[in-house]
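Visitor: Once you've had a glance at the structure underneath, I'll fire off some questions.
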Amino acid sequence: MKKYRVGVVGFGHRGREMTKLAALFDNVEIAAGCDIRPHNWFETQWLSNKPMAEMFPNAVFYEDYDKMLEEANLDVVIVETGADIHAEFCCKALEKNINVLSDIPLVASLEEAEKIWKVSQASKAILSTGANPNYKRFTFHLQDFYKKGLLGEPVFMEAEYIHWYLPTSESHRRYNENGDWRKLLSPIRYCTHSLGPLLTVVKEDLRYVSCFGTGRRAPASEYESNPNYDKDDLQSAQFRTEDGVVIHMTRAGRVRARVPQHSYRAFGTEGYIELMYRDWRNWTIQYNSMKELDTELHTVEGKNLLPEYEYSDKAEAAGHGGIDYAMMDYFFRALDKGEAAVSVKEGLRMTLPGIYAEESAKRGGQVLKMRYPWDEDWTTEFDD
């Protein structure tokens, strides 16, 4: 078993949790941590029993990321900075041939997409996209359904990521304490949680998008701390491939009610499969297929999000119902083989549609053609 010296950059809530999960693996040593706010490392934070400095006394803390890369002799960097600033940290590690597990979205602009693609192709190291929804049990059900021919070829798919927002809640105050990206990022840019699972069975890249937004609808008092906030509270996009596969996606970050966050539906030439959440852990999958000559809907009920039952009795399988632990396990197992668990190409396929959709919304829903760095006609400019 290979041993990995791991450094983590970004110690907000998720960075702390991912560090603790990585440390559970016998072949991992938490060697370094980096954050521009030292108190995130040296002081007890929300939902932590003690400071990271006490949990990992042999790890060296840095405020300077470049210095950490130079001095810490790392095999892996886990990037857990704000969702709008992942790419620079990934590229710097890859340029030093250090493997990377990066949270999503992978990039924040077309220019960053071009750079991370070129750097990843030139590097001897591996970039794996930390797309934890790809490890939900539903994603594995969907892939199995497709591989057996029960779905046929995808025709129309839907996904929603509806995040409730109550400005007085402790969780939202804490989640935003290390930056405003959750407030300021256009909702549709955070499309990766929805597109990631669906694109595992859509072999074509998405090529066209039209997106509309609602504008600002939440009470003005909620924006007092961000007077320049001009993002839509909710955005809804239609994506299409060249062959006519359509994905409809809705993303909201300021719904003033506690509602189930994620849903997925897939209509194929032979069947149908759907995931519905009742609450954070309890879900229902419904499906049927003409391949089985059975038009009745079948139902699978569950309380565990984990992709494989082998994780169910692991007390340490934590983080988003355990799928963060599964993602970490898949990452290190793939790294042992010299592979990416979720490749940079897969990461860009689920990230770039949100960037194009945001531009479409700014243009009143104009249909835009989407391009990717591996295309011959790739450009960092949007269509006129």
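Visitor: Condition test on Ile323, is it crowded, with 16+ Cβ neighbours inside 10 Å, at pLDDT below 95 and hydrophobic (A, V, I, L, M, F, W, C)?
Guide: It is true that Ile323 is crowded, with 16+ Cβ neighbours inside 10 Å, at pLDDT below 95 and hydrophobic (A, V, I, L, M, F, W, C).
Visitor: What do you reckon, is Glu63 at pLDDT 95 or above and either out of contact with any Lys or Arg (no Cβ under 8 Å at 6 or more places or on another chain) or under 19 Å from Ser128 (Cβ atoms) (or both)?
Guide: yes
Visitor: Testing Tyr165 on (1) at pLDDT 95 or above; (2) in contact with a strand residue (DSSP E or B) (Cβ under 6 Å, 6 or more places away or on another chain); (3) among the hydroxyl-bearing types (Ser, Thr, Tyr), one condition comes back false. Which one is that?
Guide: With (1) at pLDDT 95 or above; (2) in contact with a strand residue (DSSP E or B) (Cβ under 6 Å, 6 or more places away or on another chain); (3) among the hydroxyl-bearing types (Ser, Thr, Tyr) applied to Tyr165, the lone miss is (1).
Visitor: Any idea which of (1) farther than 23 Å from Ser123 by Cα; (2) open to solvent by 70 Å² or more (accessible area, probe 1.4 Å) is the one Phe61 doesn't satisfy?
Guide: For Phe61, the failing item is (2).
Visitor: Just to verify a result, which residue in segment 1-46, among those that are of a type in the set (Ser, Thr, Tyr) and either part of a loop (DSSP other than H, G, I, E, B) or open to solvent by 10 Å² or more (accessible area, probe 1.4 Å) (or both), is modelled with the highest pLDDT? So that I can check it myself, show each step before the final result.
Guide: Going through segment 1-46, the residues of a type in the set (Ser, Thr, Tyr) turn out to be 4, 19, 44.
From the residues that got through so far, the ones that are either part of a loop (DSSP other than H, G, I, E, B) or open to solvent by 10 Å² or more (accessible area, probe 1.4 Å) (or both) too are 4, 44.
Values: Tyr4: 98, Thr44: 92.
Of everything passing the filter in segment 1-46, Tyr4 is modelled with the highest pLDDT.
Visitor: Could you tell me whether segment 200-222 includes any residue that is at pLDDT 95 or above, farther than 20 Å from Val367 by Cα and either part of a strand (DSSP E or B) or out of contact with any Pro (no Cβ under 9 Å at 6 or more places or on another chain) (or both)?
Guide: Yes, segment 200-222 contains a residue that is at pLDDT 95 or above, farther than 20 Å from Val367 by Cα and either part of a strand (DSSP E or B) or out of contact with any Pro (no Cβ under 9 Å at 6 or more places or on another chain) (or both).
Visitor: Starting from segment 329-351, keep only residues that are part of a helix (DSSP H, G or I), then list their pairs with residues that are modelled with pLDDT under 95 and surrounded by fewer than 16 Cβ atoms within 10 Å (Cβ to Cβ) whose Cβ atoms are within a distance under 6 Å, requiring at least 6 positions of separation or different chains.
Guide: Asp336/Lys2
Visitor: Moving on to the next point. Kindly evaluate Asn49 against the criterion of being surrounded by fewer than 22 Cβ atoms within 10 Å (Cβ to Cβ) and not in a strand (DSSP E or B).
Guide: Considered against the rule, which asks whether it is surrounded by fewer than 22 Cβ atoms within 10 Å (Cβ to Cβ) and not in a strand (DSSP E or B), Asn49 comes out as yes.
Visitor: Out of the residues in segment 266-283 that are part of a strand (DSSP E or B) and either among the aromatic types (Phe, Trp, Tyr) or open to solvent by 60 Å² or more (accessible area, probe 1.4 Å) (or both), which is modelled with the highest pLDDT?
Guide: Once the filter is applied, the top-ranked residue is Phe267.
Visitor: If you don't mind, there's one more thing I want to ask. Determine whether Lys115 is modelled with pLDDT under 95 and of a type outside the set (Phe, Trp, Tyr).
Guide: The answer is no for Lys115.
Visitor: State which residue is most open to solvent (accessible area, probe 1.4 Å) when the search covers only segment 96-149 and only residues that are of a type in the set (Asp, Glu), within 18 Å of Gly347 (Cα to Cα) and in a helix (DSSP H, G or I).
Guide: Glu111
The values are calculated or read from the model by the stated rules, or taken from the named source; none is laboratory data. Since this is a predicted model, take the numbers as computed values, not measurements. Cβ sites come from the backbone with ideal geometry, for glycine too, and all protein chains shown count toward neighbours. Surface accessibility is based on the protein's heavy atoms, side chains included, excluding ligands, DNA and RNA. Shrake-Rupley method; radii C 1.70, N 1.55, O 1.52, S 1.80 Å.
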